[in-house]
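To keep things clear, I will list the structure first and then write my remarks on it.
The values are calculated or read from the model by the stated rules, or taken from the named source; none is laboratory data. These numbers come from a predicted model, not from an experiment. Every residue, glycine among them, receives a Cβ derived from its backbone with ideal geometry; neighbour counts consider all protein chains shown.
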Amino acid sequence: MTRLLDERGTARPPWRRLLSAGVATAAVALAAVVVPTTAAEAAEGPAPEPKEYRVLAGVHADAVSTFLDDGQLALASKADVAEGSGTRFAAEDVWFHLEDTAQRTVPAGYEFIAPVGSTIWLAPESNPGTGKLWPGFNTESVSLGAIDEDRSTFTLTSVEGPGDVEVYTGGGFSAPNRLWSSRDEGVRTFDIGRTHMHANWAFTAAGTYRLGVQGAVTVDGVVQTASATYTFVVGELPEPASTTTRLSASATTLVGGDPLTLTAAVTPTDAGGFVEFRNGTTVLGHEPVEEGTATFTTTAPAVGTHELTAVYVPAVANLAAASTSDAVSVTVGDGSGVEFGVTGVQDSYAPGDTLSVALAGYQLADGEQVRWRIRPVGSESANGSTLTTAPSLTYATVLHIADDGYEISAQVRQGSTVVATTGWIPLTVTSDAPALSAPTIGATTPSPTYNGDLMVLDYPPVQLADGESAQLVFRTSSSRWAPVAGNTRFGNVTEGAEQASFHVRSTGTFSFAVRVVKDGIGVRQSSAVTASVGFYEAHVDNVQSLYRAGQTLNATGRYFPVRDGVDDVSYEWRWYAPDGSSTVLSAGLGTPPPVVRELTAADNGSTLYLTINRPNFGGYASSSAKINVTDAAGQIFQFPPASEHYHQNDNVDLRVSIDPALSEEDTVEWEWKWPGGDWEPFPGMPRLGQQIKAEQAMDGVEVRATLHFASDALESMVAGPLTIHIDDHGAAANQKPTIGGATTAPSGDAVTLTRELPDNGQTLLTDHRWERKAAGAEDWSVVAGQAGAELTFLAGAADDGAQYRVSILKPDGTIAYGPSPAVTISVTAPAATVPVAPAKPGVSVDGSTVVASWVMPADGGSPITGYTVTLAGGAEPIVHAAAGDATSVAFTSLAAGVYTATVVATNEVGDSGASAPSEQVTVSAPGPEEPNPGESTVPVAPAKPGVTVSGSTVVASWVIPADGGSPITGYTVTLAGGAVPIVRAAAGDATSVAFTSLAAGVYTATVVATNEVGDSDASAPSEQVTVSAPGPEEPNPGESTGPVPDSELTGDTRNGVHAPEAATPGGQITIAAPGHAGERVRVWLHSNPTLLGTVTLDASATAVVTIPADAPLGEHRVVVQAIDGSLIGWTPITLTKAADIGPDGQLLASTGGEITPLLGTAALLLIVGAAVLVAARRRRAPAAD
């Protein structure tokens, strides 16, 4: 559906549908829209390069962004990609891909998008999570104050696509704020300030959409506009379609000057683009494809046989793949009636037969010659190997068995000019003789092999008949087979029955085989083995660009490669004077010594020359340096010349030549520029420079040094820039990062991982990217804020099974080395210890009974198996044992006296220390025993409970009362003293209950027992206890203290957690996690995880936390985490200024919200209220009949 809009956004009829709803059809149609077609006439030269769009999917993108380029408004895009966050892209170069996972169902209230229940594709305003497209708007690339009032206007001018488009903000607490609509002409323009803003982008059908956008700003009172078209591919991304191209010619036999029409048929027929017509590798011209056909008209080429092809070049590489037709042979004659070409080639030959060929259909002119050529079938060499060049139309040669699989061609030449060329005619040479086994490269042959090395080839013994002999033969990729012995490429050739050896004198790739020869004819030949031979290099270093007369030259030489056990090179230093005369300075074996020479003005213009030779005619390498000497006055500040290229670990000399010496007040500013970047400070460079080790990541890096004189009268001087080139000839980088450090740690302990490099692979780079993959996850996520060579974190349950890896980054944020092999973290339980000594127990007295109660202490990592409770004060201490889950014990029938209690906890490791003695209690005299009625009644009212306090926790404990003849089914414990009483229900076998996270205050507890008959009377209130202030809650051993990884925060894990839509930094918010009332949880603020607090959710499953005052404005997520580290749920929140927040926490500004309406405050209160109601009903349940 196409919306053609005028400058005001008003629709201009007629609207017309350009693209079908199908993705493939839409994508192919896009090619016709994006790439203009050319007139249907012959176009010279190659076809235009295909347009290849960068697909931006699963990333944060500022799809519509403004820029001021040289003071002129421009529209483009930015995206967080591998090249770096906020990388700029031209709008016409990218596709924004919204995947099928973005499908949503339209709810009520959003009928402006589509009918309720319809399926749409939505890129939401709030962060959809890792791996999903998050597009928005950005005007922050325009400097503050550069445009009037810092405001920009965006107008939707056209939409092409299979459905409708709606862009809007808000929803949930507030009504949607519509920005653009493809079908509502009143919703086409909006303006924003200098901001980074996201919105909801809704599309009603899958396919490709092209949105025409105009931006407008005012600069110094003058309006500027800019336009761009943004492409969104919704649903399945189209794969490049496979294509085929067929070529036909109007004639295949012609005479020079005849017309020739070439027709190319491309399938599928709706593929857009061009066809390039070629004669061999020469491009004849190109034509556009129209309905699957392209036609090219020309005249017959020169006399000869020509291989013509048609190459389909797609308009958009994302939509179609290129294809090349089979070649069509066209033969052009001279008009004599004889077809031009090679004649005389038989169907088959035997070894020793003579190949007699002639060039037909051509008469040689004065000075013309025929070059006969041969090459292996399938060779990429255009010319092959020359057999002979002579002023004759005929050629004859004896064929060997090895000539099987070759092809022959004739070429007419006038000097070096090619006049005509025949096609290639294959040769077939067959033999019934048994095949031979291929040779193998011997173990003593150095690998890799270089010129001058001794190559050894092994092969099985060859069975020879009378008159036969064996020989080693070779060929290159285009040459004919020839004997190794006697060829200048090889020296010291020795051939035996099972082995051959020779020194390699030249470089390249060679094939070797064993041939059996009889009467000079090769009658049998083995298959081949291939070997590559590299070349040595020579380098002259440490030569300054300019010397002052009287300075000393101290040049060094080196060669590559330097191999262990192979140091048989010879060197020669030679000095060439300006008049051309030369002098040998030194010569010898091994590493060249330095050349030390005091320079004079007469040395200016001389050349220092280094030659490296291998033995046995193994070839040589050379390098030279120009010597420039001056006796003029003035400051010298220069780099030494850079080598043509370096290998990793070579010394790169960045020491500047300075004469005269600098004063202490003079400064040198060092900078480097990485490819595609800007000049930045070179970290750690000393004032006068230093030698650094070459490394592969530095290829193309430029370095410069600027000398700033202390005197204002002297202008600064710049040395460089010097460009560093690295060429390791395909070798891998030595910088192979690995991760060191212990990967197994107890929960709660610190884990430190360290990036390590081999000794020969150190690096100047200091930035790193640490990545984490949670156990069972598919994707890696970046560990935020960690760019050093070490990563330290506290091991938690969520880290067990997690993997970590590290990469070393270039300054532009791209990977230089890595990622490293991953390491897997194993989190174990902490080593068990004896329990912590219990806190001072509480005691209560009822008649002659004393009840001691305590709070369960930390168990040391091993479950508590029991308690030993000692009551002191009588004639002898009384000791009672209690089970591991007990929290109180009763001492009955006590004599009158004053008593105190202590408690010891026990686990499998041993006993804790004893608690502090309790407060004293007094037993006056034994009390009377109540008789048990003969029938069931409600329980007897429990005795006055005991209470103890620890931090912000109060524990109430009681003695099980008489059950009235019916088992006690539960207790209701009420803690009074706060704003409202707090009620807890306890099971029938419980003897204590804890009230946690209490506010400061004075509290008392009462207990009611319940059986099937009903509720007892309430106990007498306990003694008062005072909570001074909520204390910090210590994590239990084994608890996870780390945040939930961002990769786990998906749409499926929100789990009903609620918070206000917006808040201010420093403000308080109420969070709700329905279904988790009474649980102790951690509340985090993401993206850079910040712990807001460890809290206990109240009976309404809510808690209040405070946003840090320094939290950045923008979109965040509130994450609720269980104490064991598992995720309970999360919800988005926007931090903004108070003026942008409504009375119910709703966001009034143009950020926040998705299509799914968020719950307003009233809805949140309903949920909370429901949770309270359920909790209250549960508390009353034991009293029900």
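What the table shows:
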quantity: Test: residue in segment 525-533 that is more than 46 Å from the chain's Cα centre (by Cα), in contact (Cβ under 8 Å) with a residue 40 or more places away in the chain and part of a strand (DSSP E or B); calculated: yes
quantity: Count of segment 649-665 residues which are touching a helix residue (DSSP H, G or I) at 6+ places or on another chain (Cβ under 9 Å) and farther than 14 Å from residue 701 by Cα; calculated: 1
quantity: Single unsatisfied condition, residue 1100 versus (1) modelled with pLDDT under 85; (2) surrounded by fewer than 17 Cβ atoms within 10 Å (Cβ to Cβ); calculated: (2)
quantity: Among (1) over 25 Å from residue 891 (Cβ atoms); (2) crowded, with 20+ Cβ neighbours inside 10 Å; (3) charged (D, E, K, R), the one test that residue 810 misses; calculated: (2)
quantity: Residue match in segment 395-407 (condition: in a strand (DSSP E or B) and out of contact with any strand residue (DSSP E or B) (no Cβ under 8 Å at 6 or more places or on another chain)); calculated: no
quantity: Segment 520-558 - residue that is within 30 Å of residue 467 (Cα to Cα) and β-branched (Val, Ile, Thr) and, of those, surrounded by the fewest Cβ atoms within 10 Å (Cβ to Cβ); calculated: 530
quantity: Single unsatisfied condition, residue 97 versus (1) buried (at least 19 other Cβ atoms within 10 Å of the Cβ); (2) part of a helix (DSSP H, G or I); (3) not acidic (Asp, Glu); calculated: (2)
quantity: Within segment 343-373, tally of residues that are touching a Gly at 6+ places or on another chain (Cβ under 7 Å), at pLDDT 95 or above and assigned to a strand (DSSP E or B); calculated: 4
quantity: Residue ranges of strands (runs of 3 or more DSSP E) in segment 285-339 with at least 1 members of a type in the set (Phe, Trp, Tyr) and closer than 23 Å to residue 252 by Cα; calculated: 293-299, 304-314
quantity: Complete set of residues in segment 345-370 that are over 13 Å from residue 412 (Cα atoms) and without any contact (Cβ under 8 Å) to a residue 24 or more places away in the chain; calculated: 346
quantity: Any hit, segment 152-167, residues being crowded, with 20+ Cβ neighbours inside 10 Å, without any contact (Cβ under 8 Å) to a residue 40 or more places away in the chain and outside the structural domain of residue 1113 (by TED's automatic domain parsing); calculated: yes
quantity: Segment 195-218, residues that are without any contact (Cβ under 8 Å) to a residue 60 or more places away in the chain and surrounded by 19 or more Cβ atoms within 10 Å (Cβ to Cβ); calculated: 209, 211
quantity: Any hit, segment 410-421, residues being part of a strand (DSSP E or B), among the basic types (Lys, Arg) and at pLDDT 95 or above; calculated: no
quantity: Residue check, residue 784 under 26 Å from the mean Cα position of the chain (by Cα), assigned to a helix (DSSP H, G or I) and either not charged (D, E, K, R) or not assigned by TED's automatic domain parsing to the domain that holds residue 884 (or both); calculated: no
quantity: Among the residues listed as 814, 865, 849, the single one being under 59 Å from the mean Cα position of the chain (by Cα), over 30 Å from residue 772 (Cβ atoms) and among the polar types (S, T, N, Q); calculated: 865
quantity: Residue selected from segment 371-406 under the condition farther than 29 Å from residue 337 by Cβ and without any contact (Cβ under 8 Å) to a residue 40 or more places away in the chain, by the criterion surrounded by the fewest Cβ atoms within 10 Å (Cβ to Cβ); calculated: 378
quantity: Selection count, segment 940-973, where residues are in a loop (DSSP other than H, G, I, E, B) and either more than 58 Å from the chain's Cα centre (by Cα) or under 14 Å from residue 991 (Cα atoms) (or both); calculated: 18
quantity: Count of segment 476-505 residues which are charged (D, E, K, R), within 25 Å of residue 536 (Cα to Cα) and free of Cβ contacts under 8 Å to residues at least 60 places away in the same chain; calculated: 1
quantity: Residue 456 outside the structural domain of residue 729 (by TED's automatic domain parsing), hydrophobic (A, V, I, L, M, F, W, C), without any contact (Cβ under 8 Å) to a residue 12 or more places away in the chain and not in a loop (DSSP other than H, G, I, E, B); calculated: no
quantity: Odd one out for residue 191 among (1) touching a residue at least 60 places away in the same chain (Cβ under 8 Å); (2) in contact with a Lys or Arg (Cβ under 7 Å, 6 or more places away or on another chain); calculated: (1)
quantity: Number of the exception - residue 330 against (1) within 35 Å of the chain's Cα centre (by Cα); (2) of a type in the set (A, V, I, L, M, F, W, C); (3) farther than 30 Å from residue 93 by Cα; calculated: (1)
quantity: Which listed residue, of 640, 675, 686, is in the same structural domain as residue 710 (by TED's automatic domain parsing), outside any strand (DSSP E or B) and either without any contact (Cβ under 8 Å) to a residue 12 or more places away in the chain or among the acidic types (Asp, Glu) (or both); calculated: 686
quantity: Scan of segment 869-925 for residues that are within 18 Å of residue 837 (Cβ to Cβ), charged (D, E, K, R) and part of a loop (DSSP other than H, G, I, E, B), ordered by number; calculated: 908, 919
quantity: Cβ pairs under 9 Å, 6+ apart, first in segment 258-282 and under 19 Å from residue 303 (Cα atoms) and part of a strand (DSSP E or B), second acidic (Asp, Glu) and modelled with pLDDT under 95; calculated: 278/307; 279/307
quantity: Matching residues, segment 1135-1158, being modelled with pLDDT under 50 and of a type in the set (A, V, I, L, M, F, W, C); calculated: 1149, 1155, 1158
quantity: Any hit, segment 1111-1134, residues being surrounded by 22 or more Cβ atoms within 10 Å (Cβ to Cβ) and modelled with pLDDT under 80; calculated: no
quantity: Selection within segment 107-139 - surrounded by 21 or more Cβ atoms within 10 Å (Cβ to Cβ) and of a type in the set (Phe, Trp, Tyr); calculated: 110, 121, 134, 137
